[in-house]
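The structure under discussion appears below in the form of structure tokens.
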There are 2 protein chains.
Amino acid sequence: MHFASERTLDDGIGEREFTLDDVTGILWTPPIASPSTPVPLILMGQPGGIGMRRMYSRLAARARSAASYGFASISVELPGSGDRAPLPETEHARADLARAISAGEQPSDTVIDRLILPLVDRTVPELQTTLDEVLELPEIGERVGFSGGAIAIGVRLAATDTRIMAAGLFAGSYVPRSTMAEARRITIPLHVLLQWDDEGNDRGMALELFDAFGSREKTLYANMGGHTGVPHFAGDDAARFFARHLGVDAG
Amino acid sequence: MHFASERTLDDGIGEREFTLDDVTGILWTPPIASPSTPVPLILMGQPGGIGMRRMYSRLAARARSAASYGFASISVELPGSGDRAPLPETEHARADLARAISAGEQPSDTVIDRLILPLVDRTVPELQTTLDEVLELPEIGERVGFSGGAIAIGVRLAATDTRIMAAGLFAGSYVPRSTMAEARRITIPLHVLLQWDDEGNDRGMALELFDAFGSREKTLYANMGGHTGVPHFAGDDAARFFARHLGVDAG
């Protein structure tokens, strides 16, 4: 893990850009983070195809919110996004999905699988390698949460990586049938956001996915509005979820 | 409104039992409540058939939580409950509903209507008369929220009484079809609790009711477990909902 740049934001949050093999990412740490007070880490998911540069202000806002609870945050460029090598098959599948949705059709399982599964298969090992490295930093503790979109990636991680202790998921995209099966294996606490009128989502499928999660503690938190209309107070509630499960008083 | 008894709980909360015509109830006020600092009021709903005496510890706990946010709370004995004159028709309907549920049958609309509608028709005017009186007290302000079970009562009040500014509802019982129609007329902010595995509830009907609410701000907050398994943090989130909408900084 190579830190390519480092700066301190106005509120004392450290922001470091890093590279790890051909992966790039950003690590934010709150002012209190130090070897004597290592802090929990939030691994932030992001939707595919947009790229971290365009997502920066939203990611940084989430990292600042997490820092106010004493958490570090990390975000990694997804395969095929930003400056990374494009993935033509994924782009074709994304265009096919968009066409189906705008035509008012139910997207086929095949299109969803073509879009999501190769991305999950590529991304999850990269995120795990990144976790291996960042958890070696003395200012980062052992408590890790996953937060954000790219729900199929979050489900795969939550189901298979025992370092993830809690996950806040955004039920904001179509999910493959095989993701439903993986969801049943999850046992960690979950906080699931759903936008009730999400134009890029199927509400019935989102409720079915929520029902499938194997976790004993899971909360569905549904608000009005479209994909980008998550109300401000929902962010606060999600932050408190992580504080309960990753904070110094947790566990 | 006649105050039959008055005492101060250990944390300085005032607790007054009152009678108003043949209605009895309890009013809790936080220590800060005074004519110079009138406080918002939470009208607490409760399930029918149990009675305030048996519900006392749960109601008092909710009143203490509300008081910690600077809110007064009031609860009123429902018709047919506690020491009030029994309602044989309602008791028959409740027994019929319980029989249907324990036999694994879908309760008929007729049974639901027989249980709920007469109770709503009787209770809502009583609650409104109680509000008329309690809002005359100088230590009680004008901001009123409805909180709790008896969702059909909450829906009728939220749809018709403009004094109710926000409602926290518990989607924990069967609702008449006519309640669905009333739900569409509600425009105030709503915080809706749903227990995902509620044994006395129909999840599909609860989701349909949530969808029906006309409010622009409504949040569905679904947690695992049965009817009485609402997790502790859900109470905190509900309290913050009321603080946003009824608190001194709200509106």
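The values are calculated or read from the model by the stated rules, or taken from the named source; none is laboratory data. These figures come from a predicted structure and were not determined experimentally. Because the Cβ atoms are built from the backbone with ideal geometry, glycine has one as well, and the counts that use them run over all protein chains shown.
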Inset, instruction - Report, by residue number, each residue of region B:66-101 that is among the β-branched types (Val, Ile, Thr) and within 20 Å of the chain's Cα centre (by Cα). - result: B:Ile74, B:Val76, B:Thr90
Inset, instruction - Determine, yes or no, whether A:Gly104 is modelled with pLDDT under 95 and farther than 13 Å from A:Gly49 by Cα. - result: yes
Inset, instruction - Among residues belonging to region B:130-152 that are modelled with pLDDT of 95 or more and hydrophobic (A, V, I, L, M, F, W, C), point out the one that is nearest to the chain's Cα centre (by Cα). - result: B:Phe146
Inset, instruction - Would you mind stating whether B:Ala222 is over 15 Å from the mean Cα position of the chain (by Cα), part of a strand (DSSP E or B) and at pLDDT below 95? - result: yes
Legend entry - Any hit, region B:165-175, residues being more than 12 Å from chain A (Cβ to nearest Cβ), of a type in the set (Ser, Thr, Tyr) and over 14 Å from the mean Cα position of the chain (by Cα): yes
Legend entry - In region A:195-206, the residues that are surrounded by fewer than 20 Cβ atoms within 10 Å (Cβ to Cβ) and in a helix (DSSP H, G or I): A:Arg203, A:Gly204, A:Met205
Legend entry - Within region B:207-232, considering residues that are among the aliphatic types (A, V, I, L, M) and under 21 Å from A:Gly226 (Cα atoms), the one surrounded by the most Cβ atoms within 10 Å (Cβ to Cβ): B:Ala222
Legend entry - Out of B:Asp197, B:Asp236, B:Asp161, sole residue that is at pLDDT 95 or above and out of contact with any Phe, Trp or Tyr (no Cβ under 8 Å at 6 or more places or on another chain): B:Asp161
Inset, instruction - Would you be able to say whether some residue in region A:179-186 is in contact (Cβ under 8 Å) with a residue 40 or more places away in the chain, more than 14 Å from chain B (Cβ to nearest Cβ), surrounded by fewer than 18 Cβ atoms within 10 Å (Cβ to Cβ) and part of a helix (DSSP H, G or I)? - result: no
Inset, instruction - Looking only at region B:2-15, decide whether some residue is in contact with a helix residue (DSSP H, G or I) (Cβ under 6 Å, 6 or more places away or on another chain) and either of a type in the set (S, T, N, Q) or assigned to a strand (DSSP E or B) (or both). - result: no
Inset, instruction - Could you tell me whether B:Pro79 is under 23 Å from B:Thr123 (Cα atoms) and without any contact (Cβ under 8 Å) to a residue 12 or more places away in the chain? - result: no
Legend entry - Selection status of B:Phe233, within 11 Å of another protein chain (Cβ to nearest Cβ), in a helix (DSSP H, G or I) and either touching a Leu at 6+ places or on another chain (Cβ under 7 Å) or farther than 19 Å from A:Glu217 by Cα (or both): no
Legend entry - Filter pass, B:Phe242 being farther than 14 Å from B:Arg156 by Cβ, more than 8 Å from every other protein chain (Cβ to nearest Cβ) and not in a strand (DSSP E or B): yes
Inset, instruction - Report yes if B:His245 is under 30 Å from A:Arg216 (Cβ atoms) and surrounded by fewer than 22 Cβ atoms within 10 Å (Cβ to Cβ), otherwise no. - result: no
Legend entry - Unique match (being within 14 Å of chain B (Cβ to nearest Cβ) and free of Cβ contacts under 8 Å to residues at least 12 places away in the same chain) among A:Asp198, A:Asp211: A:Asp211
Legend entry - Residue list for region B:35-77, filter: of a type in the set (S, T, N, Q) and either at positive phi or not in a loop (DSSP other than H, G, I, E, B) (or both): B:Thr37, B:Ser57, B:Ser65, B:Ser68, B:Ser73, B:Ser75
Legend entry - Search result, residues across region B:214-229 that are more than 11 Å from chain A (Cβ to nearest Cβ) and not polar (S, T, N, Q): B:Gly226, B:His227
Inset, instruction - Answer yes or no as to whether A:Ile32 is more than 18 Å from A:Asp132 (Cα to Cα), in a loop (DSSP other than H, G, I, E, B) and either under 18 Å from the mean Cα position of the chain (by Cα) or polar (S, T, N, Q) (or both). - result: no
